[in-house]
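As structure tokens, the structure follows; a few thoughts come after it.
Nothing in this text is a laboratory measurement; each read-out follows from the coordinates by a stated rule. Just so it is clear, the model here is predicted, and its values are computed rather than measured. Because the Cβ atoms are built from the backbone with ideal geometry, glycine has one as well, and the counts that use them run over all protein chains shown.
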Amino acid sequence: MPCEDVDLSLLLTMEDYDLAGSNDFMGEVRVEIETFEDRELRRWWINLRGGPDRDEAAGSVEIACKWAHDPSNVLELPEEFVADEPPEHIASEANELLCILMRGKNLPIKDKNLLSKGGTSDPLCELNLDGVVHKSKCVKKNLNPLWMERFEFPCEDLEQALSLVVEDYDFVSGNDFMGQATIQLGHFPKIDEREVMRSWFQLAPRGVKLEPKQASDKKSRLLKRKKKNAKGGDADANLGRVEVALRWVHNPARVVRLPPSILAEEEKPEEPPNSLLIVLVRGRNLPIMDQAMFGTACESTGEPGRRGQTSGISSSVTSKSMPLIFGRIDCSHPVLEAKPKCLCQNIRIRAH
């Protein structure tokens, strides 16, 4: 059976088959996967525990187990995702984050069965990087969903964090929260080196940050198990986990180019300067000032004695919706000349 996690355990349950009714419980035993961590074949007799409290001897069974690699269980990434970047892209700064939301595992039950124990969920995932939001498809009735969906985010530095929120889809009453994870991009050297980073991330309650799931040593696993047994349950909220692959690349289409007006050579470079050329290129993480759907304002200090105003930029506190605006402050004119693309809000450029 598929098994990738050394922290899991194998539960063997012995039952008496009953064609007419439900099977009768006889006994059970739990074996930790770390028993097979050395990948050697193990064969031994193991005692079953039965009774109402699972504390009575119930015979024994002989089992043979080995933890091995099965190529058919490998979930491969798409070829275009892992392919080398073109040489001309490697020479340029990375400006796009590629993300593949791969799969989830052991997600919580949100739709409980009415007549029996257990239940299922309809999980989907929302991904957010610096205000750019993507949503995955909904996988119906599955606690171990396979998404394998690719998303692209503008990303010019690794000081940002990618947030994941997993929800149970509910058309009638609204989606139910299942868990969330925050991925600090700067914490992963592979991303900075523009290599593929693939990792499991433990889901947590709202407001709780957890590190990516990594293999731990036997001592730490033993301490965790003792803590779990002492409390009668898991020490941490078990909301499942998701596997994500990330890669930082260069996309020429995302390069923000300056207008020719400011790149052109001066007509008379030998003369003293008397005009200040300004290109308001982009903004990022601006404070929210209007709770309704209105825009933001920007002020800049320039040359003494002059005041000007650009006109509008569509409502946004991030850089993605801001068009290029070109203006000129001229000593011979009291007002800034501006050529915006839209007329949704005011951005003031003030010179004192």
For this session: Please report 267, 93, 126 as a ranked list, fewest other C-beta atoms within 10 angstrom at the top and most at the bottom.
Result: 267, 93, 126
For this session: Report, by chain and number, residues whose modeled amide H sits under 5 Å from the one on residue 284, excluding near sequence neighbours (fewer than 5 apart, same chain).
Result: none
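Rounded if a/c is under 1.5, else prolate if a/b beats b/c, else oblate: with a ≥ b ≥ c from the C-alpha gyration tensor eigenvalues square-rooted, which is segment 130-213?
Verdict is prolate for segment 130-213.
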Seminar exercise, completed: A student applying the Cα gyration tensor rule (rounded when a/c is under 1.5; otherwise prolate if a/b is larger than b/c, oblate if not) would label segment 9-65 prolate
Seminar exercise, completed: Most exposed first, judged by fewest Cβ atoms within 10 angstrom, 149, 88, 156 run 88, 149, 156
Problem set entry | Built amide H within the under 5 Å cut-off of residue 183, gap 5+ | 162, 163, 164
Seminar exercise, completed: Gyration tensor on Cα atoms of segment 1-146, a ≥ b ≥ c root eigenvalues, a/c under 1.5 rounded, else prolate if a/b beats b/c, else oblate, says oblate
For this session: Convert each backbone phi in segment 251-268 into a coupling constant with the Karplus relation 6.51 cos²θ - 1.76 cosθ + 1.60 (shift: θ = phi - 60°), then list the ³J(HN,Hα) values in order as whole Hz, x for Gly and Pro.
Result: 10, x, 5, 8, 6, 8, 9, 6, x, x, 4, 8, 8, 5, 6, 5, 6, 10
Exercise. Using the Karplus equation 6.51 cos²θ - 1.76 cosθ + 1.60 (θ = phi - 60°), what ³J(HN,Hα) coupling, rounded to whole Hz, does each residue of segment 180-195 give in order, writing x for Gly and Pro?
Worked result: 9, 9, 10, 10, 7, 4, x, 8, 10, x, 4, 5, 4, 7, 6, 9
For this session: Please compute the net charge surrounding residue 111, taking Lys and Arg as +1 and Asp and Glu as -1 over other residues with Cβ under 15 Å from its Cβ.
Result: 0
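By the scheme Lys and Arg +1, Asp and Glu -1, what is the net charge of all other residues having a beta-carbon under 10 Å from that of residue 160?
Result for the local shell: -3.
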For this session: Order by neighbour count: 169, 17, fewest other Cβ atoms within 10 Å first, most last.
Result: 17, 169
